[in-house]
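Notes for the one structure printed next.
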Amino acid sequence: MFSHSFLLNAALAGLFAGISCGIAGVFLVTTHLSFLGVCIAHAGFAGAILGIWLKIDPVISASVFSIAAAFAIGPLADKGELSPDTAAGIIFSLTIGLAFLFLGLMPGSRGEALSLFWGGILTANSKDLLLLSFVTLGTLVIVALFYKEIVAVLCHRSIAVAVGIPAVFVLYLLFVWSAIIIAVSLRIVGGLLIYSLVVNPAAAAFQLTYRIKYLFILSALFGVLSTWVGLFVSYFLDLPAGASIVIVSTVIFAVALFISPKRKTISDLDPVREILPPHNGDSKELK
Amino acid sequence: MTCASDPCIELHNVTVVRGHRVVLNHVNLRARCGEFIVIIGANGAGKTTLLQVVNGTVQPASGQVSVLGKSPSFLNGYKLRRNVGFVAQAPHFDPRLPVTVLETVVSGCFGKRGLFRRIRPEDWQKARQALAWVGISHLADRPLGSISGGEFQRSAIARVLVQEPALLLFDEPTNSLDVRAKSEIVKLIERIHGETRATTLYVTHDLKYLPDRCDRILFIQKGEICGDGRPEELLPKIVVQEL
């Protein structure tokens, strides 16, 4: 299978996109802002189409649109006294409208723009791989550098504010970086499919652990597994690669949901100690 | 080094406006280091807003604020909050959230540890000791969302202990707790103040569960401080219906 260089490139693209989209998914799923991912993905989609129309690098225009969408939702929700999901819905409707407007106004062939709908992991080139590897490395560096701040902001924002963490800065850093991940992965995974690769692995990981460290690891692992198994299925059954990846990620979520220890009731949560190793350290009276 | 006569909090003519409503109206407050002040008033009187002004999460429309010698502006407020322990009402947490009680307690040191610094083994140690101090070390590895309201408030107090702040703010910490948990939390707060001598502002509207050892009581009504004095002087003057 990997004797074909395009498949090797696709596998590498899947590795990088799976890790970075899986981690971006943790940012969005844990904050209950999954719809923000849809909104950012479609904003990037509109930006990429505009880039193709104006003959500028679609990655740059997609990044600008995605970042603008991530920044617009907070103030829109505040000004309009709306929930973040409603604000994301408004931005989503605007960006999907813009995407179709740009498609309609674009002169000549629309083949490249239309391919952004379902992506082209099998046509990943060295430039795509370089960009994806850079973004994946950046994602890992951000998580490593700001790990404790990210944990605090994702899990209990009010406590993060109370203990003196610059929570707004950290939250927007996560949203902006998620926007960059989505914009860069757009050509590979596709505007309609990328949302699944962001949300499904994180949602699957969320079913299986009470520890955020394992949530990041499992989500990245499920992201990579989705792309690799999807590619494998696509190659041997001669199916579209993007659709196969999305269906595999959904199957992984379904399996995680089925075997989840969180299906137990709250009163049954004591046995959680058996699946979570305790931290080191003695319990002594505070002097 | 601060002494008991140094002002820890100084509010001068502070006014806070939300929409068209004046929430705090020309409020003046001076709290010495180590003082234990209880703030009472009816719902909507402006008690919580007063605490939010002190910890810099709400900016006044006019007036001067000085907390621990600094003005808590929007930009530097987070630095000030590293030295301010804040315990609010027990919120509702999603029981599936991937965070344990111990991980929440250790977050008390995150602000002081600063950006780019990792959590050290001694931070975990301190968090475990704080959990033992508040009597819930057996809950360390439980998901935060699976514990009761009283246990959550104990974990919040443990987090504040890990933070080692110079100023403690309690915003109706006994709300929605049962009778036994209410008195246990009040005793715990008195014990913390007794041991740390941190300046403490304790907000409540429930006169049944007032800390015995407070130095002063402030009575807030419609955004204005209507009474300020020792508990034995002020409490008999307050008509219960006003709360």
For region B:141-243, give me every one of the strands (runs of 3 or more DSSP E) that falls completely inside it and has 2 or more residues that are in contact (Cβ under 8 Å) with a residue 12 or more places away in the chain, touching a helix residue (DSSP H, G or I) at 6+ places or on another chain (Cβ under 8 Å) and closer than 21 Å to B:Asn83 by Cα. B:167-171, B:199-204
Would region B:58-71 turn up any residue that is in contact with a Ser or Thr (Cβ under 7 Å, 6 or more places away or on another chain), open to solvent by 70 Å² or more (accessible area, probe 1.4 Å) and of a type in the set (A, V, I, L, M, F, W, C)? yes
All but one of (1) over 17 Å from A:Ile188 (Cα atoms); (2) open to solvent by 40 Å² or more (accessible area, probe 1.4 Å); (3) among the hydroxyl-bearing types (Ser, Thr, Tyr) hold for A:Ser260; which doesn't? (2)
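Do any strands (runs of 3 or more DSSP E) entirely within region B:23-101 hold 1 or more residues that are under 17 Å from the mean Cα position of the chain (by Cα) and within 14 Å of another protein chain (Cβ to nearest Cβ), and if so, which?
The qualifying strands (runs of 3 or more DSSP E) are B:62-67, B:84-87.
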Quick check on this structure: which one of B:Glu164, B:Glu151, B:Glu195, B:Glu122 is under 19 Å from B:Val38 (Cα atoms) and either more than 14 Å from chain A (Cβ to nearest Cβ) or of a type in the set (Asp, Glu) (or both)? B:Glu195
Just one of (1) over 19 Å from the mean Cα position of the chain (by Cα); (2) away from chain A (no Cβ under 12 Å) trips up B:Asn175, so point out which. (1)
Can you go through A:Val233, A:Val229, A:Val224, A:Val248 and tell me which one is within 13 Å of the chain's Cα centre (by Cα), outside any loop (DSSP other than H, G, I, E, B) and more than 14 Å from chain B (Cβ to nearest Cβ)? A:Val224
Quick one: which helices (runs of 4 or more DSSP H) sit completely within region A:79-191 and have at least 1 residues that are small (Gly, Ala, Ser) and under 18 Å from A:Leu33 (Cβ atoms)? A:84-105, A:147-155, A:157-162, A:167-189
Considering only residues of region A:192-201 that are open to solvent by less than 10 Å² (accessible area, probe 1.4 Å) and modelled with pLDDT under 95, which is nearest to the chain's Cα centre (by Cα)? A:Val198
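Taking A:His32 as the residue in question, decide whether it is open to solvent by 10 Å² or more (accessible area, probe 1.4 Å), modelled with pLDDT under 90 and more than 22 Å from A:Leu218 (Cβ to Cβ). Working first, answer last.
Values: open to solvent by 10 Å² or more (accessible area, probe 1.4 Å): yes; modelled with pLDDT under 90: yes; more than 22 Å from A:Leu218 (Cβ to Cβ): no.
Criteria not met by A:His32.
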Give all pairs with beta carbons closer than 9 Å in which a residue from region A:141-154 that is touching a residue at least 40 places away in the same chain (Cβ under 8 Å) meets a residue that is crowded, with 24+ Cβ neighbours inside 10 Å and acidic (Asp, Glu); count only pairs at least 6 apart in sequence or on separate chains. A:Val151/B:Glu103
Let me spell it out: the conditions are (1) open to solvent by less than 20 Å² (accessible area, probe 1.4 Å); (2) in contact (Cβ under 8 Å) with a residue 24 or more places away in the chain; (3) part of a helix (DSSP H, G or I), and A:Tyr210 meets all of them except one. Which number is the exception? (3)
Pull up region B:119-131, narrow it to residues that are out of contact with any Gly (no Cβ under 8 Å at 6 or more places or on another chain) and farther than 17 Å from B:Ile185 by Cβ, then point me to the one that is least open to solvent (accessible area, probe 1.4 Å). B:Asp123
Got at least one residue in region B:106-118 being aliphatic (A, V, I, L, M) and open to solvent by less than 40 Å² (accessible area, probe 1.4 Å)? yes
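The values are calculated or read from the model by the stated rules, or taken from the named source; none is laboratory data. What you are looking at is a predicted structure, and each value in this text was computed from that prediction instead of being measured. Glycine gets a Cβ as well: all are built from the backbone with ideal geometry, and neighbour counts include every protein chain shown. Remember, those area values only see protein heavy atoms, side chains included, never the ligands or the DNA or RNA. Shrake-Rupley method; radii C 1.70, N 1.55, O 1.52, S 1.80 Å.
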